[in-house]
1. Looking at the stretch 5-59, which of its residues are among the charged types (D, E, K, R), in a helix (DSSP H, G or I) and over 29 Å from PRO80 (Cα atoms)?
2. Among (1) under 19 Å from the mean Cα position of the chain (by Cα); (2) loosely packed, with under 10 Cβ neighbours inside 10 Å; (3) touching a residue at least 24 places away in the same chain (Cβ under 8 Å), which single condition is CYS24 missing?
3. Looking at (1) within 20 Å of the chain's Cα centre (by Cα); (2) at pLDDT below 95; (3) away from the ligand (no atom under 12 Å from the Cβ); (4) closer than 30 Å to GLY103 by Cβ, which one does GLY14 not meet, given that it meets all the others?
4. Tell me, which residue of the stretch 38-54 that is small (Gly, Ala, Ser) and open to solvent by 40 Å² or more (accessible area, probe 1.4 Å) is nearest to the chain's Cα centre (by Cα)?
5. For the stretch 79-95: of the residues being surrounded by fewer than 10 Cβ atoms within 10 Å (Cβ to Cβ) and not in a loop (DSSP other than H, G, I, E, B), which is nearest to the chain's Cα centre (by Cα)?
Amino acid sequence: VLYDPSRRAPASQGDFPGIISLGCVMENMWLMANSLGIGFHIVSSLSNGAFEKNIRKMLNIPDKLIIAYSFRLGYPVKEPEKYLRVRRDVKDFAHYNKYGGKGI
Ligand SMILES: Cc1cc2nc3c(=O)[nH]c(=O)nc-3n(C[C@H](O)[C@H](O)[C@H](O)COP(=O)(O)O)c2cc1C
């Protein structure tokens, strides 16, 4: 998933909103893949260092484009095993009406 800094919205300052928007794209693709029984694995490590150099060469990606995200898709050969998934409680990071505001 490539980001072109030269084509960002005129009112947007910097690349942050564009990259975040692509994160939303990734989420939608992930949800759709999941609903179709297709596994989805984001791999951000292809966006930097030696990996990036090779990927750019292999896929002929111009230098002016930023590799924002990469992912792989696949049909699981078997039901995934249950594993520990670490999730914070919503109350740990949700604020009500003001920063630090406690919910019900
Ligand atoms: C923005 C982002 C970048 C990620 N980058 C990597 C990565 O470089 N390598 C990797 O093995 N997993 C990476 N992951 C995690 C996998 O996609 C992971 O399978 C997925 O988040 C499911 O996690 P869960 O089992 O906690 O639900 C990344 C996830 C996100 C959201």
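The values are calculated or read from the model by the stated rules, or taken from the named source; none is laboratory data. Please read these numbers as outputs of a predicted model, since none were measured by experiment. Glycine gets a Cβ as well: all are built from the backbone with ideal geometry, and neighbour counts include every protein chain shown. Side chains are part of the model used for accessible areas, which takes the heavy atoms of the whole protein and leaves out ligands, DNA and RNA. Shrake-Rupley method; radii C 1.70, N 1.55, O 1.52, S 1.80 Å.
1. ARG7, GLU52, LYS53, ARG56, LYS57
2. Of the numbered conditions (1) under 19 Å from the mean Cα position of the chain (by Cα); (2) loosely packed, with under 10 Cβ neighbours inside 10 Å; (3) touching a residue at least 24 places away in the same chain (Cβ under 8 Å), the odd one out for CYS24 is (3).
3. Against the list (1) within 20 Å of the chain's Cα centre (by Cα); (2) at pLDDT below 95; (3) away from the ligand (no atom under 12 Å from the Cβ); (4) closer than 30 Å to GLY103 by Cβ, GLY14 comes up short only on (4).
4. Of the stretch 38-54, the ones small (Gly, Ala, Ser) are 39, 44-45, 47, 49-50.
Remaining after also requiring open to solvent by 40 Å² or more (accessible area, probe 1.4 Å): 44-45, 49-50.
Values: SER44: 8, SER45: 11, GLY49: 18, ALA50: 20 Å.
Going through the qualifying residues, I end up with SER44.
5. Here the answer is VAL90.
A quick yes/no check of all residues on (1) modelled with pLDDT of 95 or more; (2) within 16 Å of the ligand (Cβ to nearest atom); (3) of a type outside the set (Asp, Glu):
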{"residue": "GLU27", "(1), (2), (3)": "yes, yes, no"}
{"residue": "TRP30", "(1), (2), (3)": "yes, yes, yes"}
{"residue": "LEU36", "(1), (2), (3)": "yes, no, yes"}
{"residue": "ASN48", "(1), (2), (3)": "no, yes, yes"}
{"residue": "ILE55", "(1), (2), (3)": "no, yes, yes"}
{"residue": "ARG85", "(1), (2), (3)": "no, yes, yes"}
